[in-house]
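Okay, structure first, notes after.
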Amino acid sequence: MPHHDLLILGGGSGNSVIGAEHDHWDIAIAEPWAFGGTCMNRGCIPSKMLVYAADVSLAARHGSVLGLRTTSERADWVAIRDRIFGRIDPIAEAGLAYRESLDNVTVYRDAARFTGERTVLLGGTEVTADKIVLAIGARTSLPPIHGLATVPFRTSDDIMRIDSLPEHLVIVGGGFIALEMAHIFDGLGCKVTIVHRGDLLLRGADAQVRQCLTEAYGRRMDLRLQTTISFVEHSTDSGDGGVFHLTLSDGTTLTGDELLIATGRTPNGDLAEVNHGGIVTDAQGYVITDSRLRTTADGVWALGDVTNPVQLKHTANAEAKVVAHNLLHPTNPRQINRQFIPHAVFGHPQVGSIGPTEQELLSSDRPFLVATRDYASTAYGWAMEETTGFAKVLADPETRLLIGAHIVGPQAPTLIQQLIQGMVAGQTVDEMAYNQLWIHPAMPELLEQALLAI
């Protein structure tokens with residue numbers, strides 16, 4: 001039975017736990033898929049490369065607003081796809097080759113299943129370790145649609161690698177994956193229909209942001225809100241790829257040549273049968289950890305999407321640093337700081353957000369001040385002819401500290417970072433607004449004006 005000092009399950013953020021300081025350890029990594037994890041291979045990186053292409057295409061489509069004679073034709077999908085994965089795939093392959101080249105690292109190309117305390121089954125072989133790091137991520141959660149199991153639907157795992165650009169893509173879901181994919185494929189020349197059970201897109205976001213997004217997407221594509229799919233079937237009579245036939249809850253029907261399921265993600269702890277290793281999960285299936293990222297099983301740590309419902313790469317990276325330190329320094333451990341967790345949506349318009357929404361503050365009866373500033377009221381907003389976006393800031397009326405902020409519009413994920421920095425530094429909204437010079441007429445004046453309005 002192979003035994004290691006440290007066994008890491010997952011080659012994404014878990015892979016970054018290993019450093020030169022572990023050179024004297026016997027380490028193993030188990031990764032059944034590509035090294036780099038979801039973010040590198042089928043998430044953040046390829047999707048944002050596609051988003052940028054869609055942004056450029058959409059800008060050309062609307063050049064006439066600025067007096068430009070620009071147009072956007074249907075994209076060369078194969079050229080875009082191959083440019084992206086021609087860069088990404090060699091990185092994943094190089095990451096695997098590097099780990100395999102190390103004398104003190106063993107790589108298992110298998111999915112893990114716990115069979116006992118710090119004991120896992122890897123490709124038919126039981127493997128034990130003194131310490132285990134669980135970083136096995138999450139997967140697409142499938143809705144209860146009759147017929148779905150019998151049709152060749154897509155998920156975020158494979159939609160970005162398809163062979164040709166669809167004529168009509170139907171997307172089920174209204175979260176950030178659905179919004180980003182809808183922007184990508186509409187921007188590159190597809191007809192897109194979103195089928196979403198809610199009345200507004202992006203559940204959990206600020207209500208004003210949700211309203212803005214829903215209206216913006218409704219102007220671009222076919223939105224079927226407060227609607228679900230009752231039945232789906234797939235026929236191949238029409239030729240290449242076939243056609244999806246969907247029966248909707250309102251009694252109407254819909255057809256498309258690609259179907260993307262983007263209705264959320266579920267942690268992979270159940271697939272690894274973590275309960276057999278003494279690892280407890282919550283009601284949603286997320287592995288429970290303490291502030292040091294220890295699980296309920298002795299000698300087992302966990303990080304990333306298998307533990308955290310926010311499922312963000314920047315949180316997983318921060319958690320990996322904490323675990324890496326705590327493995328080496330058990331008597332001087334660090335704790336994860338989740339006080340300020342920003343998140344973003346790279347659709348069109350983009351969203352950047354930090355802290356509670358206005359609705360959450362109202363429901364908790366916490367006093368707050370709120371101010372909103374439109375892009376259209378700033379000089380750079382005029383330059384862009386941006387008429388829909390805004391920044392909302394929320395502050396404590398006594399301490400004058402920023403509680404949260406929500407931006408929807410061009411470069412929102414970049415703009416929000418300046419407010420995050422102020423929050424982490426403990427600056428009041430007055431200090432943020434007055435104690436620096438804001439470049440005129442740059443886009444950050446949007447934030448300055450919102451802070452001044454508080």
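The values are calculated or read from the model by the stated rules, or taken from the named source; none is laboratory data. Worth saying up front: this structure is predicted, and the values here are computed from it rather than measured. Glycine gets a Cβ as well: all are built from the backbone with ideal geometry, and neighbour counts include every protein chain shown.
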From the option list 203, 220, single residue qualifying as basic (Lys, Arg) and more than 27 Å from residue 146 (Cβ to Cβ) is 220
Take the residues in the range 146-184 that are buried (at least 21 other Cβ atoms within 10 Å of the Cβ) and either in the same structural domain as residue 43 (by TED's automatic domain parsing) or in a loop (DSSP other than H, G, I, E, B) (or both), then tell me which one is nearest to the chain's Cα centre (by Cα).
156
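Could you please find all residues in the range 62-103 being in contact with a strand residue (DSSP E or B) (Cβ under 6 Å, 6 or more places away or on another chain) and either among the aromatic types (Phe, Trp, Tyr) or buried (at least 16 other Cβ atoms within 10 Å of the Cβ) (or both)? Steps first, answer last, please.
Of the residues in the range 62-103, the ones in contact with a strand residue (DSSP E or B) (Cβ under 6 Å, 6 or more places away or on another chain) are 99-100.
The one that is in contact with a strand residue (DSSP E or B) (Cβ under 6 Å, 6 or more places away or on another chain) and either among the aromatic types (Phe, Trp, Tyr) or buried (at least 16 other Cβ atoms within 10 Å of the Cβ) (or both): 99.
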Residue pairs meeting the criteria (Cβ under 8 Å; at least 6 apart or on separate chains; first over 25 Å from residue 44 (Cα atoms), in the range 64-93; second β-branched (Val, Ile, Thr)):
64/70
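At least 3 residues that are of a type in the set (D, E, K, R) in each: list the helices (runs of 4 or more DSSP H) lying fully within the range 1-118 that qualify.
Details: elements: 37-42, 44-61, 77-101.
Once the helices (runs of 4 or more DSSP H) in the range 1-118 are filtered for at least 3 residues that are of a type in the set (D, E, K, R), what remains is 44-61, 77-101.
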Quick check on my filter: what residues within the range 34-57 are farther than 30 Å from residue 135 by Cα and either crowded, with 18+ Cβ neighbours inside 10 Å or of a type in the set (D, E, K, R) (or both)?
53, 54, 55, 57
Breaking point among (1) in contact with a Ser or Thr (Cβ under 8 Å, 6 or more places away or on another chain); (2) not assigned by TED's automatic domain parsing to the domain that holds residue 272, for residue 382:
(1)
Cross-chain or 6+ apart pairs with Cβ under 7 Å, the range 250-267 first and in the same structural domain as residue 232 (by TED's automatic domain parsing) and more than 10 Å from residue 172 (Cα to Cα), then of a type in the set (D, E, K, R) and assigned to a loop (DSSP other than H, G, I, E, B)
257/167
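Provide a single number: the residues in the range 334-362 that are surrounded by fewer than 17 Cβ atoms within 10 Å (Cβ to Cβ) and more than 15 Å from the chain's Cα centre (by Cα). Steps first, answer last, please.
Applying the first criterion (surrounded by fewer than 17 Cβ atoms within 10 Å (Cβ to Cβ)) to the range 334-362 yields 334-335, 337-341, 359-360, 362.
Restricting the remaining residues to those that are more than 15 Å from the chain's Cα centre (by Cα) gives 334-335, 337-340, 359-360, 362.
Result for the range 334-362: 9.
Suppose we filter the range 283-295 for residues that are of a type in the set (S, T, N, Q) and crowded, with 16+ Cβ neighbours inside 10 Å; how many remain?
Within the range 283-295, the first condition is being of a type in the set (S, T, N, Q), and the residues that meet it are 284, 289, 291, 295.
Filter again for crowded, with 16+ Cβ neighbours inside 10 Å, leaving 289, 295.
Within the range 283-295, residues that are of a type in the set (S, T, N, Q) and crowded, with 16+ Cβ neighbours inside 10 Å number 2.
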Out of all the residues in the range 227-262, which are in contact with a His (Cβ under 6 Å, 6 or more places away or on another chain), modelled with pLDDT under 95 and hydroxyl-bearing (Ser, Thr, Tyr)?
none
Take the range 296-313 and flag every residue that is within 16 Å of residue 17 (Cβ to Cβ), under 12 Å from the mean Cα position of the chain (by Cα) and either surrounded by fewer than 19 Cβ atoms within 10 Å (Cβ to Cβ) or basic (Lys, Arg) (or both).
313
For the range 251-267, state whether one or more residues are surrounded by 14 or more Cβ atoms within 10 Å (Cβ to Cβ) and of a type in the set (Asp, Glu).
yes
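Please go through the range 196-209 and give me each residue that is touching an Asp or Glu at 6+ places or on another chain (Cβ under 9 Å), of a type outside the set (S, T, N, Q) and outside any loop (DSSP other than H, G, I, E, B), ordered by number.
Step one: list which residues in the range 196-209 are touching an Asp or Glu at 6+ places or on another chain (Cβ under 9 Å), which gives 206-208.
Filter once more, so that each one left must be of a type outside the set (S, T, N, Q): 206-207.
Answer for the range 196-209, where residues must be touching an Asp or Glu at 6+ places or on another chain (Cβ under 9 Å), of a type outside the set (S, T, N, Q) and outside any loop (DSSP other than H, G, I, E, B): just 207.
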